[in-house]
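Student: One structure is given below, represented as structure tokens, and several questions about it will come after.
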Amino acid sequence: MFIFSYVLLMIMVMLSVAFLTLFERKILSYMQCRKGPNKLLFKGLFQPFSDMLKLIFKEMFYLSLNKMFYLGPMFMFYISCLLWLVYPWIYMNNNMMYMMVYMLFIMSLNVYPILIISWISMNNYSMMGLMRLISQMISFEVLIFLIFFMFLMIIEDFKFIKLFIYQMDSFFIIMYFPLYFMLLISLLIDLNRVPFDLIEGESELVSGFNLEYYSSLFIYIFLSEYMNLLFMSMILTIFFFGFYYWTIMFNLFYLMNLFLMVMIRGVLARIRYDCLMYMCWMEMLVLMLFYLIYFYLIKEFIMLLNF
Amino acid sequence: MSKAKGPQDLPPKGGYIPFQIERIKLRSIVTGKMGIGIFIAVNVIGMPLYMRTWLRERKHLIEARSRELATLPILFAENDRRTLKQLKHVREVEADVMKDFPYWEVGTFFGEPIYEDAQADTYIKPIFGELYVFTDPKDRPVLEHIHLLP
């Protein structure tokens, strides 16, 4: 039963990935004063399926004889699927005790398939993309961990259900709004999206780490990236808005976060690489550490007050 | 030349509106200093609320722990009772199985006790194999090993 519901969830997520691409294209097109896909069948609603069919039926040949060439993207996709185990929907309520630790573990594991993919491509441009991507992802892994550590301090537990309990009085978006922006920035970096998609700078690099991938193997990379995007939107909604999974408000705020993440792509320009690194190590990290110390003192004060 | 299917994307009726070339100055509704102010205000109002929730959860935690402590003697007693019943059952089955065997005494090895220096009526906690020696493996309660399953 568990496996059946998990497979059902994965199918739903992949379907939503298909429509997320259409969503993104439509929003971007209207932000740039043009019409997006609006022809296929009903107002361009079936455009993602057409794209998918195009990708599947494209000619495929392996550029590398190493098996890791086609296992790497599958590994990436597999890790994204594992990440979605965190989502306890109504048919699969696996409220694991150390859910937060599990999530952090899988999120830090996300770097390795990229490493495999770009190394096995045997291409200088892929290697350059790899170096940029890995350094930025690992730098911001520290920040993401500290932010989640702050949440662990707030709720004093590893379960997600405590997040809902602690947000009954006031949402964390109001109480800890600096954390929201920090987490948004670090998640965008983790997802390699604009304004931090430095692996895809057109003038310097061609296409980042997935340069040698196309047709059906590219589907895995693409799906994994967009599944992560959906997941991060879910995480933001749970952590900061505190609605239960089955409410309509959860869905609304989920879409709001998704819209925000897509909209940033249409608004902001790419930032410089040294600025990014400076922002990580000199500004955000210091700010986060000060915030942690401040919150620790507050908790100490509360404990002194009550015991 | 084939005709295009469906409606074409034509310009709107009065033509396109002229392009916006002048620079639009960004509206900054919340500045950095205001952000610090909001942060202080939110913390002053929010931390008592957080303290209330924290205390409530603390009470729940203490309640759950005392609940466990209160039920623990009953659970231990039930455990002992079940063990004794099982031991009695094992003795009965052993007597039944070995009734045709000559010079066999139940609970001993041909009259020789397991522990030489222990008194005859001393209770010694049975090991796993002793307790379940005449039991079908399928009869074991599932709750004993369910925590090992995924």
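Student: Out of A:Met182, A:Met153, report the one residue that is modelled with pLDDT of 90 or more, within 20 Å of the chain's Cα centre (by Cα), within 14 Å of chain B (Cβ to nearest Cβ) and outside any loop (DSSP other than H, G, I, E, B). Give the derivation first.
Tutor: Numbers: A:Met153 fails: within 20 Å of the chain's Cα centre (by Cα).
Unique residue meeting the criteria: A:Met182.
Student: Tell me which of these B:Leu49 doesn't satisfy, since it passes every other one: (1) assigned to a helix (DSSP H, G or I); (2) more than 10 Å from chain A (Cβ to nearest Cβ).
Tutor: In the conditions (1) assigned to a helix (DSSP H, G or I); (2) more than 10 Å from chain A (Cβ to nearest Cβ), B:Leu49 misses (2) alone.
Student: When the stretch A:1-22 is examined, which residues are found to be touching a residue at least 60 places away in the same chain (Cβ under 8 Å) and in contact with a helix residue (DSSP H, G or I) (Cβ under 7 Å, 6 or more places away or on another chain)?
Tutor: Listed by number, the residues that qualify are A:Leu9, A:Met10, A:Val13, A:Met14, A:Ser16, A:Val17, A:Leu20, A:Thr21.
Student: Can you tell me which of B:Pro18, B:Pro12 is open to solvent by 100 Å² or more (accessible area, probe 1.4 Å), over 24 Å from A:Asn306 (Cβ atoms) and either acidic (Asp, Glu) or not in a helix (DSSP H, G or I) (or both)?
Tutor: B:Pro18
Student: For the stretch B:111-134, how many residues meet the condition of being within 15 Å of B:Arg91 (Cβ to Cβ) and not in a helix (DSSP H, G or I)?
Tutor: 10
Student: Which condition breaks for B:Val106 when tested against (1) under 30 Å from B:Phe128 (Cα atoms); (2) in a helix (DSSP H, G or I); (3) among the hydrophobic types (A, V, I, L, M, F, W, C); (4) in contact with a helix residue (DSSP H, G or I) (Cβ under 9 Å, 6 or more places away or on another chain)?
Tutor: (2)
Student: Pairs needed: first member in the stretch A:142-164, closer than 18 Å to B:Arg58 by Cα and in contact (Cβ under 8 Å) with a residue 24 or more places away in the chain; second member anywhere, of a type in the set (Val, Ile, Thr) and open to solvent by 10 Å² or more (accessible area, probe 1.4 Å); C-beta distance under 8 Å; at least 6 residues apart or different chains.
Tutor: A:Phe158/A:Val101
Student: Within the stretch A:133-158, can you find the residues that are open to solvent by 60 Å² or more (accessible area, probe 1.4 Å) and over 19 Å from A:Leu289 (Cα atoms)?
Tutor: A:Phe158
Student: Right, something else. May I ask you to verify whether A:Tyr278 is closer than 30 Å to A:Tyr112 by Cβ, part of a helix (DSSP H, G or I) and open to solvent by 50 Å² or more (accessible area, probe 1.4 Å)?
Tutor: It is true that A:Tyr278 is closer than 30 Å to A:Tyr112 by Cβ, part of a helix (DSSP H, G or I) and open to solvent by 50 Å² or more (accessible area, probe 1.4 Å).
Student: Here is a further query. Exactly one condition in (1) open to solvent by 70 Å² or more (accessible area, probe 1.4 Å); (2) at the interface with another protein chain (Cβ under 8 Å from one of its Cβ atoms) is false for B:Val42; which is it?
Tutor: (1)
Student: Does A:Ile56 fit the bill of being farther than 24 Å from A:Ile79 by Cα and touching a residue at least 24 places away in the same chain (Cβ under 8 Å)?
Tutor: no
Student: Restricting attention to the stretch A:6-28, does a residue exist that is over 30 Å from B:Phe19 (Cβ atoms) and open to solvent by 90 Å² or more (accessible area, probe 1.4 Å)?
Tutor: To start, the set of residues in the stretch A:6-28 that are over 30 Å from B:Phe19 (Cβ atoms) comprises A:6-20.
Keeping just the survivors that are open to solvent by 90 Å² or more (accessible area, probe 1.4 Å) gives A:11-12.
Within the stretch A:6-28 (the criterion being over 30 Å from B:Phe19 (Cβ atoms) and open to solvent by 90 Å² or more (accessible area, probe 1.4 Å)), the answer is yes, since at least one residue qualifies.
Condition check ((1) aromatic (Phe, Trp, Tyr); (2) surrounded by fewer than 16 Cβ atoms within 10 Å (Cβ to Cβ); (3) within 14 Å of chain B (Cβ to nearest Cβ)) across all residues:
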| position | (1), (2), (3) |
| --- | --- |
| A:Leu260 | no, yes, no |
| A:Glu283 | no, yes, yes |
| A:Tyr291 | yes, no, yes |
| A:Leu297 | no, yes, yes |
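Student: Something else about it: Scan B:Pro12, B:Pro102 and give me the residue that is without any contact (Cβ under 8 Å) to a residue 12 or more places away in the chain and away from chain A (no Cβ under 14 Å).
Tutor: The match here is B:Pro102.
Student: A further question on this structure: Say we look at the stretch A:185-217 and pick out the residues that are assigned to a helix (DSSP H, G or I) and surrounded by fewer than 17 Cβ atoms within 10 Å (Cβ to Cβ); which of these is nearest to the other protein chains (Cβ to nearest Cβ)?
Tutor: A:Ser215
Student: Of all residues in the stretch B:57-75, which are surrounded by 10 or more Cβ atoms within 10 Å (Cβ to Cβ), among the β-branched types (Val, Ile, Thr) and over 19 Å from A:Glu156 (Cα atoms)?
Tutor: B:Thr71
Student: Still on this structure, please answer the following. Considering each residue of the stretch B:46-69, count those that are more than 20 Å from the chain's Cα centre (by Cα) and among the hydrophobic types (A, V, I, L, M, F, W, C), and give that number. Give the derivation first.
Tutor: Of all residues in the stretch B:46-69, those more than 20 Å from the chain's Cα centre (by Cα) come to B:46-56, B:59.
Narrowing further to those that are among the hydrophobic types (A, V, I, L, M, F, W, C): B:47, B:49, B:51, B:54-55.
Looking only at that region, the number is 5.
The values are calculated or read from the model by the stated rules, or taken from the named source; none is laboratory data. Because the structure is predicted, anything quoted here is derived from the model rather than measured. Positions of Cβ are backbone-derived with ideal geometry, glycine not excepted, and every protein chain shown enters the neighbour counts. For the accessible areas, the whole protein counts, side chains as well, though only heavy atoms, and no ligand, DNA or RNA atoms are used. Shrake-Rupley method; radii C 1.70, N 1.55, O 1.52, S 1.80 Å.
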